[in-house]
Amino acid sequence: MRFQRDWLTLYIVTGAPENCRLGLLDTVDAAVAGGATLVQYRAAHEKKGAAYVEALALRQLLAKRGVPFLVNDHVDLALAVDADGAHIGQRDLPPAAARRLLGGGKILGLSVNNTAQLAAADAAGDLALLDYIGCGPVFPTLTKRDTFPVVGLQRLAEFVRRAAPLPVVAIGGITAENAADVRSTGVAGIAVVSAVCAAADPAAACRKLLPA
Ligand code: TZP
Ligand code: MG
């Protein structure tokens, strides 16, 4: 599938089971009904076999709905379920290795916290291998504990300028209340976990997060 920038508009990252009130599949299905434009599976399991079963179920659901599907961190899992691609972090396989495994036809995103990491990725030739960058945490979040420092809106806007023409999706502490401010930095989209997965009505939560 050829990457499209507008897939980043409302990017849902799946939460841990205790953070998915309706369960994983129903949460994602409701999110898609509410307008989610892409789903990333972030495995909560230590054991890859259990993660594979969940990822495969999501792959099948999202193929039916026509919504792109990425797997977080694990390129092998992304390939095993024929996801549309993978999203990797600074502590995962290097982008060149991930791209080699995925091949040219899959989507690859990389988490980058700051302009120093962006410059390092540029110097390594990694930016040319990516379809988009994830930048965060924009605001404090309880969902992921091992994050880099909070970015804030001002630095996010600067980051977006420097990353261009690569599109940036912002993540971390994004809610319906601050989504418009985040979008005003020039990001291609916003990524959320708890604002949708922990909602009693994920479809309604998505509608509130979409651009006006
Ligand atoms: N990466 C940076 S912050 C974060 C991830 C996966 C968690 C975002 O979760 P929430 O609940 O949307 O703040
Ligand atoms: Mg990661």
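Things worth noting here:
- Which listed residue is farther than 19 Å from N19 by Cβ and either assigned to a loop (DSSP other than H, G, I, E, B) or polar (S, T, N, Q) (or both), from A199, A212: A212
- Among (1) within 16 Å of ligand 1 (Cβ to nearest atom); (2) buried (at least 19 other Cβ atoms within 10 Å of the Cβ) - the single one A44 does not satisfy: (2)
- Matching residues, the range 169-212, being within 13 Å of ligand 1 (Cβ to nearest atom), in contact with a helix residue (DSSP H, G or I) (Cβ under 8 Å, 6 or more places away or on another chain) and free of Cβ contacts under 8 Å to residues at least 40 places away in the same chain: A170, I174, T175, A176, A179, A195
- Any chance D126 is free of Cβ contacts under 8 Å to residues at least 12 places away in the same chain and more than 16 Å from ligand 1 (Cβ to nearest atom): no
- Residues located in the range 103-126, provided they are over 17 Å from the mean Cα position of the chain (by Cα), among the hydrophobic types (A, V, I, L, M, F, W, C) and either surrounded by 20 or more Cβ atoms within 10 Å (Cβ to Cβ) or in a helix (DSSP H, G or I) (or both): A116, L118, A119, A120, A121, A123
Residues are listed down the side, and each one gets a yes or a no for (1) aromatic (F, W, Y); (2) open to solvent by 10 Å² or more (accessible area, probe 1.4 Å):
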site	(1), (2)
F148	yes, yes
G152	no, yes
E177	no, yes
T185	no, yes
V192	no, no
A198	no, yes
A204	no, yes
L210	no, yes
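The values are calculated or read from the model by the stated rules, or taken from the named source; none is laboratory data. Small disclaimer: the values here were computed from a predicted structure and weren't measured. Using ideal geometry, Cβ is built from the backbone for each residue, glycine included, and neighbour counts are taken over all protein chains shown. Surface accessibility is based on the protein's heavy atoms, side chains included, excluding ligands, DNA and RNA. Shrake-Rupley method; radii C 1.70, N 1.55, O 1.52, S 1.80 Å.
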